[in-house]
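Worksheet: the structure to be examined is printed underneath.
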Amino acid sequence: MHNSTLKEPKKISDQVEIPWQERASGSGEVLWRDDRNPIIGRNPLPFANSVYNSAVVRCGDGFKGVFRVDYRTGLPFLHAGSSKNGIHWAIEPAQIDLRDENGDAVELGFAYDPRVTQIDDGYVVAWCNDFNGPTVALAFTEDFTRFRFLGDAFVPFNRNGVLFPEKINGLYTLLHRPSDAGHTPFGDIFLSQSPDLKFWGEHKHVMGPTEAWWDNKKIGGGPVPIKTSEGWLTIYHGVMGTCNGYNYSIGAALLDLDEPWRVIARANQYLLGPEASYETVGRVANVCFPCAALTDMARDRIAIYYGAADTHTAIAYGYISEIVDFVKGNNCIN
Ligand code: BMA
């Protein structure tokens, strides 16, 4: 991937079936859980206590992913993984092979909450990186074997970097969430653009917490936005402050296709919040943290991958058109 030779995005293959289960009869939920959840449970690797807040994509005749792996030191790092069916994942025992432009290995202090975007002739990983404190870093890969470090997009502190799947007005477009060094008690989603994934500008404010209590503390981007006729369907996490701590739920909004810093509609309530035991019990209780979505546009299906209680990886399903209707029908934007 070089600026001068940018190619058209590859067509995402709809040949590989994404994971799917039908909504239980009688359920009125707009998102519903896979009954095999959590698909990744505690202690999935000998040196790791948990894998969660991770990103998966279609790739070849199956699926690939970049996973947040929390070591028993407490520090998180990124590992690649692969799957034939999107449910059973083989996670590499070693961290991703990250190299700089000279081919030298890049060592990270910590790395977490990856998102993966298919764009141009490969995939861009955005994650929260240690750069004298957390910020958003990017890497490019074609094969999930070798990753080229593209650098830190912003100075600290920042998290929740999510790259759009195509350039908008000729520029790469990244959602991100400026923050502080700790468990940030505030947070709005901003957007920045770049001609080359290196120099970022054209900064815009997208949206912040609302007065609805479910997301009154902070919000942050989730899976890669999905292009629909009604706008970019953007699934995000919204955080409520309670007397027992933060509560993370999954919300959705529609952003303008050409000017995605303009919010067309935003649901005034969450689509899925912590209820299941694997969401309410774990290292951090009451967390549903979406980082990826697989779509089957022909069949209107979405499978949302989310971290549960900072301990497990889980999947929820929905119909894309129903989510769009839910956002428009419960809109809180004038
Ligand atoms: C956020 C991030 C996420 C985590 C969430 C809940 O600040 O650290 O990785 O899932 O808190 O603990």
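The values are calculated or read from the model by the stated rules, or taken from the named source; none is laboratory data. Quick caveat: nothing in here was measured; it's all calculated off a predicted structure. So basically every Cβ, Gly included, is an ideal-geometry build from the backbone, and we count neighbours across all protein chains shown. SASA here: full protein model, heavy atoms, side chains in, ligands and nucleic acids out. Shrake-Rupley method; radii C 1.70, N 1.55, O 1.52, S 1.80 Å.
Kindly establish whether residue 304 is crowded, with 17+ Cβ neighbours inside 10 Å and either on the phi < 0 side of the Ramachandran plot or within 16 Å of the ligand (Cβ to nearest atom) (or both). So residue 304 passes the test. Of the listed requirements (1) over 30 Å from residue 90 (Cβ atoms); (2) out of contact with any strand residue (DSSP E or B) (no Cβ under 8 Å at 6 or more places or on another chain), residue 121 misses just one: (1). Applying the criterion of at least 3 residues that are closer than 17 Å to residue 289 by Cα and either modelled with pLDDT of 95 or more or among the polar types (S, T, N, Q) (or both) to the strands (runs of 3 or more DSSP E) found wholly in the range 161-233 leaves 172-178, 218-221. Residues that are open to solvent by less than 30 Å² (accessible area, probe 1.4 Å) and within 16 Å of the ligand (Cβ to nearest atom) are absent from the range 90-107 altogether. For the range 158-193, filtered to residues that are open to solvent by 40 Å² or more (accessible area, probe 1.4 Å) and within 16 Å of the ligand (Cβ to nearest atom), the residue that is nearest to residue 227 (Cα to Cα) is 188. Among the conditions (1) among the aliphatic types (A, V, I, L, M); (2) within 14 Å of the ligand (Cβ to nearest atom); (3) open to solvent by 40 Å² or more (accessible area, probe 1.4 Å), the only one that residue 155 does not satisfy is (2). Whether any residue in the range 23-45 is of a type in the set (D, E, K, R) and within 16 Å of the ligand (Cβ to nearest atom) is what I want to check. Yes, because at least one residue in the range 23-45 is of a type in the set (D, E, K, R) and within 16 Å of the ligand (Cβ to nearest atom). When every residue of the range 210-232 is checked against the conditions, at least one turns out to be open to solvent by less than 10 Å² (accessible area, probe 1.4 Å), touching a strand residue (DSSP E or B) at 6+ places or on another chain (Cβ under 7 Å), without any contact (Cβ under 8 Å) to a residue 60 or more places away in the chain and closer than 21 Å to residue 125 by Cα. The residue pairs whose first member lies in the range 158-177 and is acidic (Asp, Glu), whose second member is surrounded by fewer than 23 Cβ atoms within 10 Å (Cβ to Cβ), and whose beta carbons are closer than 8 Å, counting only pairs six or more residues apart or on different chains, are 166/9; 166/119; 166/227. Comparison of 148, 115 shows that the only residue that is basic (Lys, Arg), at pLDDT 95 or above, within 19 Å of residue 67 (Cα to Cα) and open to solvent by less than 30 Å² (accessible area, probe 1.4 Å) is 115.
Name, by its number, the condition in (1) in contact with an Asp or Glu (Cβ under 9 Å, 6 or more places away or on another chain); (2) within 15 Å of the ligand (Cβ to nearest atom); (3) open to solvent by less than 20 Å² (accessible area, probe 1.4 Å) that does not hold for residue 240. Every listed condition holds for residue 240 apart from (3). Among the residues making up the range 45-58, those that are open to solvent by less than 30 Å² (accessible area, probe 1.4 Å) and in contact (Cβ under 8 Å) with a residue 60 or more places away in the chain are 50, 51, 52, 53, 54, 55, 56, 57, 58. Can residue 333 be described as within 20 Å of residue 165 (Cβ to Cβ) and either open to solvent by 60 Å² or more (accessible area, probe 1.4 Å) or modelled with pLDDT under 95 (or both)? In short, no.
Say we look at the range 59-74 and pick out the residues that are over 15 Å from residue 110 (Cα atoms) and open to solvent by 40 Å² or more (accessible area, probe 1.4 Å); which of these is nearest to the ligand (Cβ to nearest atom)? Working first, answer last.
Let us first name the residues in the range 59-74 that are over 15 Å from residue 110 (Cα atoms), namely 59-65.
Subsequent filtering for residues that are open to solvent by 40 Å² or more (accessible area, probe 1.4 Å) retains 60-61, 64.
Numbers: 60: 29, 61: 31, 64: 21 Å.
Top of the filtered list is 64.
Pairing each residue of the range 239-267 that is under 28 Å from residue 168 (Cβ atoms) with any residue that is more than 16 Å from the ligand (Cβ to nearest atom) and modelled with pLDDT under 95, provided the two are 6+ apart or on different chains, yields C-beta distances under 7 Å for 263/333; 265/333; 266/333. Checking each residue of the range 118-131 against the condition of being open to solvent by 40 Å² or more (accessible area, probe 1.4 Å) and either on the phi < 0 side of the Ramachandran plot or touching a Pro at 6+ places or on another chain (Cβ under 9 Å) (or both) gives at least one match.
Please enumerate the residues belonging to the range 275-295 that are of a type outside the set (A, V, I, L, M, F, W, C), in contact with a helix residue (DSSP H, G or I) (Cβ under 7 Å, 6 or more places away or on another chain) and within 13 Å of the ligand (Cβ to nearest atom).
Here is the first cut: in the range 275-295, the residues of a type outside the set (A, V, I, L, M, F, W, C) are 275, 277-280, 282-283, 286, 290, 295.
Still in the running and in contact with a helix residue (DSSP H, G or I) (Cβ under 7 Å, 6 or more places away or on another chain): 286, 295.
Result: 286, single match.
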